[in-house]
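Accompanying notes for the structure given below.
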Amino acid sequence: MEEASHSPENGISDIGAENTTFPALKAYKATKAGEKASQEILDSWKENGFSSLIIAAPDLDTWTVVRDVLPLLSNSAPFAIYHQYLQPLATCMHNLQLEKMAIGLQITEPWLREYQVLPSRTHPHMQMSAFGGYILSGTKICSS
């Protein structure tokens, strides 16, 4: 795999040049949405970790996804998990607390009210939906 280096003089990265500043930094082809990441990319994630994590997979079991992916997240890194129902996130939050994997856990319900704005007639849009799902957020901690 090609390595990426950074030239401080011009701020341009050279793909293929030997990297002396960041030896673990490699250029990988981005994985497309919905595709499974290659084993090489997974190994890199296991070694270096993520700096943040956002999960929105309502068709999958939330706790299973979090249990498998959260260890790849760097310590003290924030994460957010979206689900259309409260119960899977409540279960996930409970398990994260029991396993001592995260702190600062909270479940919020985002709600957006769309307004119709006309001269002298401003009011909420009459055909709006009142529900947007739930978000579980927190910070990963070292559990050892």
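The values are calculated or read from the model by the stated rules, or taken from the named source; none is laboratory data. All of these numbers come straight from a predicted model, not from anything done at the bench. Note that each Cβ is placed from the backbone with ideal geometry, even for glycine, and that neighbours are counted across all protein chains shown.
From Thr62, Thr139, which residue is surrounded by 13 or more Cβ atoms within 10 Å (Cβ to Cβ) and modelled with pLDDT under 95?
On inspection, the qualifying residue turns out to be Thr62.
What number of residues within the range 74-92 are under 30 Å from Ile41 (Cα atoms), more than 16 Å from the chain's Cα centre (by Cα) and either modelled with pLDDT of 95 or more or exposed (fewer than 12 other Cβ atoms within 10 Å of the Cβ) (or both)?
2
Going through the range 45-94 one residue at a time, which ones are in contact with a strand residue (DSSP E or B) (Cβ under 7 Å, 6 or more places away or on another chain), farther than 19 Å from Glu109 by Cβ and hydroxyl-bearing (Ser, Thr, Tyr)?
Matches in the range 45-94: Ser52, Ser74, Ser76.
Within the group Glu9, Glu3, which residue is out of contact with any strand residue (DSSP E or B) (no Cβ under 9 Å at 6 or more places or on another chain), of a type in the set (Asp, Glu) and at pLDDT below 90?
Glu9
Check whether at least one residue in the range 66-73 is part of a strand (DSSP E or B), touching a Ser or Thr at 6+ places or on another chain (Cβ under 6 Å) and surrounded by 11 or more Cβ atoms within 10 Å (Cβ to Cβ), and report yes or no.
No - not one qualifying residue is present in the range 66-73.
Residue-by-condition table, conditions (1) under 18 Å from Leu73 (Cα atoms); (2) modelled with pLDDT under 90; (3) in a strand (DSSP E or B):
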position: Leu96; (1), (2), (3): yes, no, no
position: Gln116; (1), (2), (3): no, yes, yes
position: Met126; (1), (2), (3): no, yes, no
position: Ala130; (1), (2), (3): no, yes, no
